[in-house]
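Peer 1: Questions regarding the structure given below will be posed in turn.
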Amino acid sequence: MDRIRIEGGGELRGVIPISGAKNAALPLMIASLLTRETLTLENLPRLADVRLLLRILGNHGVDHTIAGKRPGELATSGQTLHLDAKNIVDTTAPYELVSRMRASFWVLAPLLARAGVAKVSLPGGCAIGTRPVDLLLQALEALGAKIDIEAGYVLASAPKGLVGGKIVFPKVTVGGTHVALMAAALAKGDTLIHNAAREPEIVDLADCLIKMGAKIKGAGSSTIEITGVTSLGGARHTVLPDRIETGTYAMAVAMTGGDVFLQGARPELLQSALDTLTRTGAQIVCDAGGIRVRRNGGGIAPVDVTTEPFPGFPTDLQAQFMALTTRANGVSRITETIFENRFMHVQELARFGAKIHLEHDTAIVTGVKTLKGAPVMATDLRASVSLVIAALAAEGETIVHRVYHLDRGFEQLEQKLGACGARVERLAAAE
Ligand code: UD1
């Protein structure tokens with residue numbers, strides 16, 4: 001398994017191009033199952049999760065081509081992917097594939113909407129607490145699907161097709177809203193989604209579905225109205241920039257000090273995180289081309305934060321923010337309300353000398369003057385990058401083990417940080 005070696009202690013200075021969002025790319029790719037025509041996605045990030053989803057879609061009969069580089073494109077420019085689901089050859093998504101990436105469970109919705117039947121393994125993915133799919137299944141049932149669970153598989157059917165209905169989510173769920181949107185787009189009649197997720201990735205999926213011919217109003221608000229259509233067509237859509245990657249690098253700069261321009265980043269996608277960073281003492285300047293983050297001299301002010309659904313502070317930046325506060329001049333309280341047990345990074349951050357104490361859903365972080373490099377273990381996607389951030393600011397050498405977690409969600413991490421002066425290298429090791 002590969003490892004990453006980081007020699008910490010230096011500032012970050014330079015430009016980091018922001019990639020297309022993983023969490024938008026995945027549902028957009030899955031939406032290709034809804035049409036016989038070609039869906040073209042631009043600005044697709046090069047990530048392990050994207051490659052795995054291509055395999056899963058291939059299993060259902062989706063052909064794909066990735067366009068070659070065009071003149072003027074850089075190694076960091078997003079890819080163009082053509083997806084073609086002319087014939088769905090298999091409506092089963094097997095355990096071996098779905099267990100490796102939770103979002104792949106969402107294929108259930110388009111398979112059911114288009115083929116009237118689907119069999120999808122219950123999901124796996126990041127180990128961040130129990131992550132049930134009950135709300136996703138209830139949404140499909142509200143649209144007339146019959147759902148059974150047998151031997152670890154969800155068996156869904158709608159022999160006469162899905163019918164529009166009222167979906168009321170008791171809790172905000174991103175996956176539930178994606179699934180409801182895709183299923184309702186091809187259901188007969190009108191669907192109303194109450195308490196829908198408002199995340200930018202939901203809006204991106206809705207925008208793409210609208211280009212494909214879906215009738216959707218209100219995406220980005222908590223009530224979404226969909227009028228089903230009998231079929232959807234092809235479209236060309238550009239994946240929005242990754243707000244979690246943006247926030248991650250912004251926090252890295254806030255921690256190490258320096259001056260970095262996050263090229264292509266869009267501030268409105270992570271305003272709450274940027275406001276929180278400003279409160280720690282970082283300077284943030286936004287323009288049409290991206291976001292500039294600076295911290296010179298002054299220390300890091302402690303700040304309390306609570307994770308919330310969008311537009312609140314995202315749970316996917318909680319671990320990174322915790323890394324930053326380990327060196328604040330005082331005590332910060334970080335409360336996680338979205339996922340239980342999303343604190344696996346706490347014990348790894350402690351290896352750097354961080355002082356963190358857990359009380360139920362809150363981490364109480366007492367800032368220390370210096371962190372020291374250490375061998376650490378990546379436990380999930382976002383937790384692992386919090387270790388990278390801590391390592392960049394720590395004195396001496398850190399080895400991050402199990403970096404395959406990072407490869408799932410961060411494109412060219414070593415190159416992007418290396419270009420800003422970080423001493424980061426990948427060790428391809430025979431462990
Ligand atoms: C998505 C994101 C993930 C992010 C999360 C919350 C992708 C690929 N992943 O995950 O990075 O951390 O949103 O912003 O986009 N829940 C239920 N029953 C369900 C579904 C969810 O109880 O059927 C609960 C979950 O356990 C969690 C909360 O609802 O406590 C929110 O989860 P959800 O928004 O669905 O997360 P994902 O879509 O899985």
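The values are calculated or read from the model by the stated rules, or taken from the named source; none is laboratory data. It should be emphasised that the depicted structure is a prediction, and the values quoted were computed from it without experimental measurement. Don't worry about glycine lacking a Cβ; one is built from the backbone with ideal geometry, like all the others, and counts go over all protein chains shown. Surface accessibility is based on the protein's heavy atoms, side chains included, excluding ligands, DNA and RNA. Shrake-Rupley method; radii C 1.70, N 1.55, O 1.52, S 1.80 Å.
Peer 1: How big is the shadow of the Cα convex hull of segment 360-426, averaged over all directions, in nm²?
Peer 2: Computed as one quarter of the Cα hull surface, the answer is 5.4 nm².
Peer 1: Using a 1.4 Å probe on the protein chains only, how many percent of the accessible area of segment 129-186 belongs to carbon and sulfur?
Peer 2: Within segment 129-186, the accessible surface is 57 percent carbon and sulfur.
Peer 1: Sticking with this structure for a sec: Under a 1.4 Å probe, what is the accessible area of segment 101-253 per residue, stated in Å²?
Peer 2: Result: 35 Å² of accessible area for each residue.
Peer 1: What pairs in K86/K217; K166/K215; K171/K215; K160/K188 have C-alpha atoms more than 21 Å from each other?
Peer 2: Pairs exceeding the cut-off: K86/K217; K171/K215.
Peer 1: Shifting gears a bit: Using only the Cα atoms of segment 278-431, build the gyration tensor, take square roots of its eigenvalues as a ≥ b ≥ c, and label the shape rounded, prolate or oblate: rounded if a/c is under 1.5, else prolate if a/b is larger than b/c, else oblate.
Peer 2: rounded
Peer 1: Enumerate the calculated ³J(HN,Hα) couplings along segment 113-123 in order (Karplus 6.51 cos²θ - 1.76 cosθ + 1.60, θ = phi - 60°), each rounded to whole Hz, writing x wherever the residue is Gly or Pro.
Peer 2: Couplings: 5, 8, 9, x, 7, 7, 10, 10, 5, 4, x Hz.
Peer 1: Still on this model: Of the trypsin sites (Lys or Arg not before Pro) in segment 65-122, which ones lie in a loop per DSSP and count no more than 15 other C-beta atoms within 10 Å?
Peer 2: For trypsin sites (Lys or Arg not before Pro) across segment 65-122 that sit outside H, G, I, E and B with at most 15 neighbouring Cβ atoms in 10 Å, the list reads K69, K86.
Peer 1: Taking amide H positions as placed in the peptide plane 1.01 Å from N, state which residues far from G14 in sequence (5 or more) or on other chains have amide H under 5 Å from it.
Peer 2: Under 5 Å from the amide H of G14 lie the amide H atoms of D259, V260, F261, each far enough along the sequence or on another chain.
Peer 1: Net charge around K160, counting only other residues with Cβ within less than 12 Å of its Cβ (Lys, Arg = +1; Asp, Glu = -1)?
Peer 2: My count for the surroundings of K160 gives +2.
Peer 1: May I ask you to derive the relative contact order of the chain, considering only C-alpha pairs under 8 Å and at least 6 residues apart, and to give it as an integer percent?
Peer 2: Details: 1082 pairs, mean separation 91.2, N = 431.
Rounded, it is 21 percent for the chain.
Peer 1: For segment 24-238, just list the percent of Cα-Cα distances falling in each 5 Å bin from zero outward, please.
Peer 2: All Cα pairs, binned at 5 Å, distribute as 1, 8, 16, 21, 22, 17, 10, 3, 2, 1, 0 percent.
Peer 1: Residue-wise, which Karplus ³J(HN,Hα) couplings in Hz belong to segment 60-70, taking 6.51 cos²θ - 1.76 cosθ + 1.60, θ = phi - 60°, and x for glycine or proline?
Peer 2: 7, x, 7, 8, 9, 9, 10, 5, x, 5, 9
Peer 1: Can you tell me the 0 to 90 degree angle between the C-alpha axis of helix 271-280 and the longest principal axis of the chain, rounded to 10?
Peer 2: 10 degrees
Peer 1: Here is a further query. Using θ = phi - 60° and the Karplus relation 6.51 cos²θ - 1.76 cosθ + 1.60, list the HN-Hα couplings for segment 160-173 in order, rounded to whole Hz, with x at every Gly or Pro.
Peer 2: 9, x, 7, 10, x, x, 9, 10, 10, 7, x, 8, 5, 9
Peer 1: Collect residues whose amide H, placed 1.01 Å from N in the peptide plane, falls under 5 Å from the amide H of G165; neighbours closer than 5 in sequence don't count.
Peer 2: Residues meeting the amide H criterion: T191, L192.
Peer 1: Between the alpha-carbon centers of segment 39-61 and segment 204-268, tell me the distance in whole angstrom.
Peer 2: 17 Å
Peer 1: Net charge around A354, counting only other residues with Cβ within less than 11 Å of its Cβ (Lys, Arg = +1; Asp, Glu = -1)?
Peer 2: Within the 11 Å Cβ shell, the charges total +3.
Peer 1: Starting from the Cα gyration tensor of the chain, take the square roots of the eigenvalues, sort them a ≥ b ≥ c, and report rounded, prolate or oblate (rounded when a/c is under 1.5, otherwise prolate if a/b is larger than b/c, else oblate). Could the numbers behind the result be given before it?
Peer 2: Numbers: a/c = 1.85, a/b = 1.70, b/c = 1.09.
It is prolate, given that a/c is not under 1.5 and a/b is the larger ratio.
Peer 1: To test your reading of the geometry: what angle, between 0 and 90 degrees and rounded to tens, separates the Cα axis of helix 200-211 from the longest principal axis of the chain?
Peer 2: 30 degrees
Peer 1: Can you give me the relative contact order of segment 337-431 as a percent, contacts being Cα pairs under 8 Å and 6 or more apart?
Peer 2: Contact order relative to length: 22 percent.
Peer 1: Loop only per DSSP, at most 13 neighbouring Cβ atoms within 10 Å: give me the GluC sites (Glu not before Pro) in segment 19-75, ordered by residue number.
Peer 2: Those that pass, being in a loop and sparsely packed, are E73.
Peer 1: In segment 134-237, which trypsin sites (Lys or Arg not before Pro) are in a loop and have at most 12 other Cβ atoms within 10 Å, using DSSP for the loop call?
Peer 2: Answer in residue order: K160, K171.
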